[in-house]
Structure formats: structure tokens, C-alpha cells
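Written out below as C-alpha cells is the structure these notes cover.
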Amino acid sequence: TMLTHSKLQSIIWTPRIQEAETSYRDVLGLTLRTRSDGALVFDVGGGDLRVAPIPSTAPGEHTVMGFAVADVDSVIASLSSRGVVFERFAVFPHAANGTVISPDGAKVAWFRDPDGNILSVVQFPATNY
């Protein structure tokens, strides 16, 4: 279809654009590519993450965005050293660093951005990545 070859854009809304900029750029280490209509545009693996200002927002109860990585344990260690706190959900058995093994063998951990949005880092099994 016509969207198959499009460039995916992810959008996160925030009422605190300065805090979001610091978090996404300095803590998560994303490259700020440009600013567009008040939004921050970060490059994530060739796709765009737009962090856009809005007067108010409320975080959802579920993951809104995930980062697929080759080595989730090293990413967790790096993010933890930058102050990121990983979530623990009572319904899942978490490893010491916060990871959970999904039924298909993926290793995943969750954390929140400054607005409380749930983000994840995931390492898929070699056959699924």
C-alpha cells in the first residue's frame, strides 16, 4: 500500500517542552534533529520522534513507545546511570535490573518520561529482530 514505504513519525505530547528536551536529548541520548512548529524532532533510527507542546496531558496506562535495541542490559545500565528508574509491575517477574522475559523470548523493561508516559526498551530474540 502507499503507506508501506512512508517514514514513520511517532508523536509524544508534553506541557513541559524544556523538561522533555532535557530528558529525551540528555538522558535518553537522542539526537535533536530540528524544531518544527514548537515541536522537538529527534532522529530515532532514521524515523522521527516529535515531542510536541500541548497545554496539558495525562499519561496513559500502557506503553506509548518502545525502543528496540540489540543489548537491553547495557542500555538499562547506561540509562540507570543517568537517573532513569525502571518500573516494576506486580503482575510480572522482574530480573534485578527490571527486565521481564516475554512469552516469545523478548527481554523488556519500562520507564517513564517526565510526563509519566510509559516507554520501553526491548531486545527481541535474534529470529524476531
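Quick rundown of the values:
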| quantity | calculated |
| --- | --- |
| Residue match in the range 22-43 (condition: of a type outside the set (Val, Ile, Thr), in a helix (DSSP H, G or I) and open to solvent by 40 Å² or more (accessible area, probe 1.4 Å)) | yes |
| Residue tally, condition at pLDDT 95 or above, open to solvent by 50 Å² or more (accessible area, probe 1.4 Å) and either within 25 Å of Arg16 (Cβ to Cβ) or assigned to a loop (DSSP other than H, G, I, E, B) (or both), over the range 98-128 | 2 |
| Filter result (over 17 Å from the mean Cα position of the chain (by Cα) and in a loop (DSSP other than H, G, I, E, B)) within the range 44-55 | Ile54, Pro55 |
| Inter-residue pairs, beta-carbon under 8 Å, first without any contact (Cβ under 8 Å) to a residue 24 or more places away in the chain and in the range 14-30, second part of a strand (DSSP E or B), 6+ apart | Arg25/Thr31; Arg25/Leu32; Arg25/Leu40; Arg25/Phe42; Leu30/Phe42; Leu30/Asp43; Leu30/Val44; Leu30/Leu49 |
| Test set (1) in contact (Cβ under 8 Å) with a residue 12 or more places away in the chain; (2) aromatic (Phe, Trp, Tyr); (3) open to solvent by 80 Å² or more (accessible area, probe 1.4 Å) - Phe92 fails condition number | (1) |
| Test: residue in the range 56-69 that is under 15 Å from Glu21 (Cβ atoms) and over 15 Å from the mean Cα position of the chain (by Cα) | no |
| Counted residues, the range 78-97 - those being more than 29 Å from Gln18 (Cβ to Cβ) and not in a loop (DSSP other than H, G, I, E, B) | 0 |
| Failed condition for Val64, given (1) assigned to a loop (DSSP other than H, G, I, E, B); (2) open to solvent by 30 Å² or more (accessible area, probe 1.4 Å); (3) of a type in the set (A, V, I, L, M) | (1) |
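The values are calculated or read from the model by the stated rules, or taken from the named source; none is laboratory data. Remember, it's a predicted structure, so these values are computed and weren't measured experimentally. Please note: Cβ atoms are built from the backbone with ideal geometry, for glycine as well, and neighbour counts cover all protein chains shown. The area values use the complete protein model at the heavy-atom level, side chains included, leaving out ligands, DNA and RNA. Shrake-Rupley method; radii C 1.70, N 1.55, O 1.52, S 1.80 Å.
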